[in-house]
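The values are calculated or read from the model by the stated rules, or taken from the named source; none is laboratory data. Not measured: the values here are computed from a predicted model. For neighbour counting, all protein chains shown are included, and Cβ atoms are generated from backbone atoms with ideal geometry for every residue, glycine included.
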């Protein structure tokens with residue numbers, strides 16, 4: 001035991017053992033005035049004196065491994081979303097080309113269109129607000145399609161007509177019975193989204209809590225992976241909805257608008 005530590009007075013048989021001791025022994029590092037918390041696990045926040053022990057720990061640290069898997073799944077989900085966006089854009093372009101083809105109109109068609117528009121029920125702000133209670137978690141889970149179904153089934157039922165799909169031109173009657181032309185549904189969409197903002201947040205929190213409870217109780221790796229994937233997708237959707245409710249006419253908004261226009265389209 002010829003090799004003694006100058007800081008803690010511990011003795012070792014070889015100089016290599018002594019040097020290793022000075023690098024990794026926490027109590028000795030404290031005496032040396034060195035930072036013993038330099039290497040911290042992002043999963044459980046435990047600290048280690050060197051990267052070797054940190055790596056060994058992380059191989060078996062459940063919070064770290066779950067976080068690592070979550071980030072991998074989120075990256076994969078993002079890649080799938082990009083591929084899906086490209087596919088949706090292709091479908092959109094093909095649909096718009098088909099709809100925008102010249103059509104032969106006649107007096108009968110125009111009369112039918114005018115009759116449809118004249119028979120629309122009036123839309124008021126109170127009417128829109130009163131239907132917010134009908135928004136359900138199932139609507140939200142279905143994404144843009146679900147929101148479209150809610151609008152068409154409740155506040156907009158028999159109250160709007162799309163007269164130009166390519167320009168997303170909507171017509172409706174205001175509270176004075178006047179026919180309003182609303183391209184891109186700019187005015188009407190603000191009233192619609194404002195009316196369900198609180199109800200939407202309430203249901204979103206409820207669903208998030210449900211997913212959290214299921215995530216905590218999941219034992220099977222496949223089940224855990226599934227809930228992580230669902231949570232990741234819903235988190236991305238919630239972010240897009242948040243931006244949309246704050247006036248951003250993003251892709252999510254345009255997906256809703258396309259569905260509404262396609263379901264209420266009348267020939268001009």
_Based on this model, can you work out whether residue 163 counts as in the same structural domain as residue 243 (by TED's automatic domain parsing) and within 28 Å of residue 92 (Cβ to Cβ)?_
yes
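Among the listed residues 264, 259, which satisfies the condition of being closer than 23 Å to residue 135 by Cα, in contact (Cβ under 8 Å) with a residue 60 or more places away in the chain, surrounded by 15 or more Cβ atoms within 10 Å (Cβ to Cβ) and in contact with a strand residue (DSSP E or B) (Cβ under 9 Å, 6 or more places away or on another chain)?
Residue meeting the stated conditions: 264.
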Restricting the range 117-128 to residues that are touching a residue at least 60 places away in the same chain (Cβ under 8 Å) and surrounded by 13 or more Cβ atoms within 10 Å (Cβ to Cβ), the one nearest to residue 159 (Cα to Cα) turns out to be 123
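Do you know which residues across the range 164-190 are more than 25 Å from the chain's Cα centre (by Cα) and crowded, with 19+ Cβ neighbours inside 10 Å?
Of all residues in the range 164-190, those more than 25 Å from the chain's Cα centre (by Cα) come to 164-167, 169-183.
Passing the criteria: 170, 171, 172, 173.
Residue-by-condition table, conditions (1) at positive phi; (2) within 19 Å of the chain's Cα centre (by Cα); (3) at pLDDT 85 or above:
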residue	(1), (2), (3)
216	no, no, no
221	no, no, no
225	no, yes, no
228	no, yes, no
232	no, yes, no
241	no, yes, yes
245	no, yes, yes
261	no, no, yes
267	no, no, no
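Here is a list: 3, 21. Which entry is in contact with a strand residue (DSSP E or B) (Cβ under 6 Å, 6 or more places away or on another chain) and surrounded by 13 or more Cβ atoms within 10 Å (Cβ to Cβ)?
Values: 21 fails: in contact with a strand residue (DSSP E or B) (Cβ under 6 Å, 6 or more places away or on another chain).
That would be 3, the only listed residue that is in contact with a strand residue (DSSP E or B) (Cβ under 6 Å, 6 or more places away or on another chain) and surrounded by 13 or more Cβ atoms within 10 Å (Cβ to Cβ).
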For the range 129-163, the count of residues that are touching a residue at least 40 places away in the same chain (Cβ under 8 Å), outside any helix (DSSP H, G or I) and surrounded by 17 or more Cβ atoms within 10 Å (Cβ to Cβ) equals 9
